[in-house]
1. Collect the residues in segment 46-80 that are in contact with a Lys or Arg (Cβ under 7 Å, 6 or more places away or on another chain), closer than 18 Å to L102 by Cβ and in contact (Cβ under 8 Å) with a residue 24 or more places away in the chain, keeping them in residue-number order.
2. Please verify whether segment 5-26 includes one or more residues that are at pLDDT 95 or above, surrounded by 12 or more Cβ atoms within 10 Å (Cβ to Cβ) and assigned to a helix (DSSP H, G or I).
3. For segment 50-66, indicate whether the set of residues that are open to solvent by 90 Å² or more (accessible area, probe 1.4 Å), basic (K, R), under 16 Å from S21 (Cα atoms) and more than 13 Å from the chain's Cα centre (by Cα) is non-empty.
4. Quick test of your reading of the structure: E79 fulfils all but one of (1) open to solvent by 80 Å² or more (accessible area, probe 1.4 Å); (2) modelled with pLDDT of 95 or more; (3) on the phi > 0 side of the Ramachandran plot. Name the failing condition by number.
5. Take the conditions open to solvent by 90 Å² or more (accessible area, probe 1.4 Å) and at pLDDT 95 or above and apply them to K70. Does it pass?
6. If I filter segment 35-44 for residues that are over 17 Å from F89 (Cβ atoms) and basic (K, R), do I get at least one hit?
7. Among the residues of segment 42-58 satisfying the criterion of being assigned to a helix (DSSP H, G or I), over 17 Å from N78 (Cβ atoms) and not polar (S, T, N, Q), which is modelled with the lowest pLDDT?
8. Mind counting the residues in segment 87-104 that are in a loop (DSSP other than H, G, I, E, B) and within 13 Å of I36 (Cα to Cα)?
Amino acid sequence: MRNGCVHAGRAGAMSVVVFYSSVSGSLEVKKRQERIMSVLSSKKIKYRAVDITQNPEDKDLMRKIANNPKALPPQIANESTYCGDYEAFENAIEVEQLEEFLKL
C-alpha cells in the first residue's frame, strides 16, 4: 500500500484524501482500496493515502468527515470535504464525473 505518500498530479488542485486500512481482513475491502488508488494514479490525480489503522484519530476524522460514526474504509474526501465511498467512486467513473465527484 501507499502509506501516506503523495502522488504528483495537477498543480493547484486541492488534496484528495483516501482513507484506507492496511490491516483489513476483507479481500473485498483491499481490492476496493487498491482500485481507488490505481484509478487516481492512472489519471494523475494527486492524493494522500491515510491508513486509519496507524492512528485512531485518523479513523475518527474519517468518520467525522463522512458524517457517519460507523463508516468503514475506503472513504474519499477532498481535504475535509466528504466525496463518498467506494460505490459512489465507481458510479462517478461510470458516468464520467470523477473530477466533479472529487471536487477538483
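1. The answer is K46, A49, P74, N78.
2. No: segment 5-26 contains no residue that is at pLDDT 95 or above, surrounded by 12 or more Cβ atoms within 10 Å (Cβ to Cβ) and assigned to a helix (DSSP H, G or I).
3. Of the residues in segment 50-66, the ones open to solvent by 90 Å² or more (accessible area, probe 1.4 Å) are 54, 56-57, 60, 64.
Of the ones still in play, those that are also basic (K, R) are 64.
In the following step, the residues that additionally are under 16 Å from S21 (Cα atoms) were identified as none.
Scanning segment 50-66, I find no residue that is open to solvent by 90 Å² or more (accessible area, probe 1.4 Å), basic (K, R), under 16 Å from S21 (Cα atoms) and more than 13 Å from the chain's Cα centre (by Cα), so the answer is no.
4. (2)
5. The answer is yes for K70.
6. Taking every residue of segment 35-44 in turn, none turns out to be over 17 Å from F89 (Cβ atoms) and basic (K, R).
7. Per the criteria, the residue is P56.
8. Going residue by residue through segment 87-104, those that are in a loop (DSSP other than H, G, I, E, B) are 95-97, 102-104.
Now narrow it down to the ones that are within 13 Å of I36 (Cα to Cα): 102.
Within segment 87-104, residues that are in a loop (DSSP other than H, G, I, E, B) and within 13 Å of I36 (Cα to Cα) number 1.
The values are calculated or read from the model by the stated rules, or taken from the named source; none is laboratory data. Computed from a prediction, not measured in an experiment: that's the story for all the values here. Cβ sites come from the backbone with ideal geometry, for glycine too, and all protein chains shown count toward neighbours. In case anyone asks, the SASA skips ligands and DNA or RNA and just uses the protein heavy atoms, side chains included. Shrake-Rupley method; radii C 1.70, N 1.55, O 1.52, S 1.80 Å.
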